[in-house]
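One structure is given here, and the rest of the page talks about it.
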Amino acid sequence: MSLRLVTEETPGRGLVAVALTVAAGGDDDPPGRHGMAHLVEHLMFPRGEGHGDGDGAADGARNAAGAGAAAAAAGRAEERAAQRALDEAGGRAAGAEGAGFVALVQEAGGMCNAETHRDHTVLHTVVPADALPDVLALEARRLLRFRPAPATVRSETAVIAEEIRAAGAGARLWDTVLAALHPGARHAYGTTAELTGVTAEEAESFFRAHYRPERAVLSVVGDVDAGRVAALVEREFGAWTPGLPTAVPSATLPAAVPATTRPAAAFGTLASLTASAFGSLAPLAPPASGAPASLTPPASGTLAPLAAHAPLRSAALRLPSGHVPSPYRPTLGAAIPYARDGVAVGHALADPRGDFRLYVAQVVLCELLRRSRLPHLVATAPEVDAATVQCGYQGQWLASAAPDLALVLLGRVPGAGTEEAVARWLEALGELAATPPGETELRRAARVLRAGCHRQSDSLPARAVTHARAALLLPHTTPDALPAHLAAVTPADVSTAARALLAAPRTVHPLEGAAA
């Protein structure tokens, strides 16, 4: 069996999480079919026999099916003490043949969901531990029997179209900057125009080309026995063999990881940190009456209005001596409609597969800038009345391997130009490039990130997703590893990260608010 399995035993919690991660994402979409990977992810949640062809409600059901997971597990401790034999588990799975994946998880009091990224898709589920045989059987069944009906494809295409329409200005802004900085790179949502008319045959062809065992990792974390898990996986997934030959190149995968991870002393990290891991964006200064409207960063909190400033001064850039400017000519992109006037600056981040230490240092750099340097910038630069920076796609760093970017949003006061605002930002970045931050300032930023890692990974699904991503894409991001990497960043590393950010390609987009 070429499917890789990673198991982590965490006794006593009563739950188990399963994550199937496949090297198939938005970057693999066929020409003219942007969003195909996203569509196939939706089609992986069939409702089962007797429920009709469409499963347009699958997303809502799988998102809402988690409220009773912990309570259900607590009442089953005695039941779990006498785990069912493998043949008993198989009998129950056969009895559930008529039910869909989401229905089974709901019945068990669990939750399931999925995420499509640029370079991978992850399907993750958490249920009481005694439901693991059923979940594995249904997980294998939806892989082995993937045959979407035309009506299902149409209904899920309509669901995705609604998701695209519901995406806020922040998401569209990020996608625009990403495309300008990395030509050819695409977000995973897709476009309504290109998904319209997709056939069931096209979806199945994509599935056969990319959903293959040698391109996948199955991770199981929870109150389980690794040997029993291995036997179940061999039984259920043994028939999943490589798909038909295809011209689509396979992803370059790292060497196989050990099949089993024994209990960890403490919970570690989630490889994809959401924006909430950085905390809410608090006001940078007390708002003043009549202050400019706030600048809202994508997928995060808001920057409160700040006090009015003195008349504008010259926008001459004052970088400390020794700074080496970027050898790349910054791209000045077209103006983007937004909630208010401002500037979006995108900087290319290091590739974590090639220089993981530099990437992590840039993550710390962005947090340090957000927490201390940008408030100072707003307080002292009259051209800028709000500022924030996000590291990684929609604030999720390590959500994909590469390419990735740091997105800076600057609010411009009336009368200030784009170049003036950008000059202030580059000045702040140049100061860190020339002079390392103090230990106290650095430790504050690193502690926030480390605490976010621990909070995120204090859940079994987070650990399962992290294990699979580490095995498939980013070997350095195994659970419990990332906080140590963050703690190891030095002041000199932050300066190096700032210089690398300044030297990397960047793109600038004016943001234009609607006329009053």
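Note on the range 431-448: residues that are touching a Gly at 6+ places or on another chain (Cβ under 7 Å) and either within 30 Å of ASP28 (Cα to Cα) or open to solvent by less than 10 Å² (accessible area, probe 1.4 Å) (or both) amount to 0. For the range 314-330, taking the residues that are open to solvent by 50 Å² or more (accessible area, probe 1.4 Å) and closer than 21 Å to GLU383 by Cβ, the one that is modelled with the lowest pLDDT is identified as SER314. List pairs: first in the range 449-473 and within 20 Å of ALA488 (Cα to Cα) and open to solvent by 10 Å² or more (accessible area, probe 1.4 Å), second among the aromatic types (Phe, Trp, Tyr) and modelled with pLDDT under 90, Cβ under 8 Å, 6+ apart or cross-chain? Going by the 8 Å Cβ cut-off, the qualifying pairs are HIS454/PHE267. Any residue that is among the β-branched types (Val, Ile, Thr), modelled with pLDDT of 95 or more, touching a helix residue (DSSP H, G or I) at 6+ places or on another chain (Cβ under 9 Å) and farther than 28 Å from VAL224 by Cβ - is there at least one of those in the range 24-46? The answer is yes; a qualifying residue exists. Could you tell me whether LEU195 is at negative phi and at pLDDT below 90? In short, no. For the range 407-425, the tally of residues that are assigned to a strand (DSSP E or B) and more than 28 Å from the chain's Cα centre (by Cα) stands at 1. Out of the residues in the range 219-250 meeting the condition of being modelled with pLDDT of 95 or more and not in a helix (DSSP H, G or I), tell me which one is most open to solvent (accessible area, probe 1.4 Å). For the range 219-250, the residue satisfying everything is ASP225.
Do we have ASP480 as of a type in the set (Asp, Glu), touching a residue at least 24 places away in the same chain (Cβ under 8 Å) and under 25 Å from VAL127 (Cβ atoms) here? Here the answer is yes, as ASP480 does meet what is asked.
Within the range 197-238, the set of residues being of a type in the set (S, T, N, Q) and without any contact (Cβ under 8 Å) to a residue 40 or more places away in the chain comprises just one member, SER205.
Within the range 378-406, count every residue that is buried (at least 21 other Cβ atoms within 10 Å of the Cβ) and part of a helix (DSSP H, G or I). Qualifying residue count, the range 378-406: 1. Anything in the range 413-445 that is in contact with a Lys or Arg (Cβ under 8 Å, 6 or more places away or on another chain) and among the polar types (S, T, N, Q)? List them, or say none. Passing the criteria: only THR418. Evaluate the following for ALA428: is it open to solvent by less than 20 Å² (accessible area, probe 1.4 Å), farther than 23 Å from ASP351 by Cα, touching an Asp or Glu at 6+ places or on another chain (Cβ under 8 Å) and in a helix (DSSP H, G or I)? Judged against the criteria, ALA428 is not a match. Among what's in the range 144-166 and is acidic (Asp, Glu) and more than 17 Å from the chain's Cα centre (by Cα), pick the residue that is surrounded by the fewest Cβ atoms within 10 Å (Cβ to Cβ). Ranking the candidates gives GLU162 first. Once the range 412-424 is narrowed to residues that are modelled with pLDDT of 90 or more, surrounded by 23 or more Cβ atoms within 10 Å (Cβ to Cβ) and hydrophobic (A, V, I, L, M, F, W, C), the residue that is nearest to PRO491 (Cα to Cα) is VAL422. Of the residues making up the range 197-218, those that are hydrophobic (A, V, I, L, M, F, W, C) and part of a helix (DSSP H, G or I) number 5. Residues that are of a type in the set (Val, Ile, Thr) and in contact with a Ser or Thr (Cβ under 9 Å, 6 or more places away or on another chain) were ranked within the range 167-198; the one that is surrounded by the fewest Cβ atoms within 10 Å (Cβ to Cβ) is THR196. Counting only helices (runs of 4 or more DSSP H) that sit completely within the range 111-196, those holding 3 or more residues that are within 27 Å of GLY395 (Cβ to Cβ), aliphatic (A, V, I, L, M) and touching a residue at least 12 places away in the same chain (Cβ under 8 Å) correspond to 150-166, 169-181.
Taken as a whole, the structure places ARG353 among residues that are among the basic types (Lys, Arg), farther than 18 Å from GLU419 by Cβ and at pLDDT below 95.
The values are calculated or read from the model by the stated rules, or taken from the named source; none is laboratory data. Given the structure is predicted, the values throughout are model-derived calculations rather than measurements. We place every Cβ from the backbone using ideal geometry, glycine too, and count neighbours over all the protein chains shown. We work out accessible area using only protein heavy atoms, side chains counted, and drop any ligands, DNA or RNA first. Shrake-Rupley method; radii C 1.70, N 1.55, O 1.52, S 1.80 Å.
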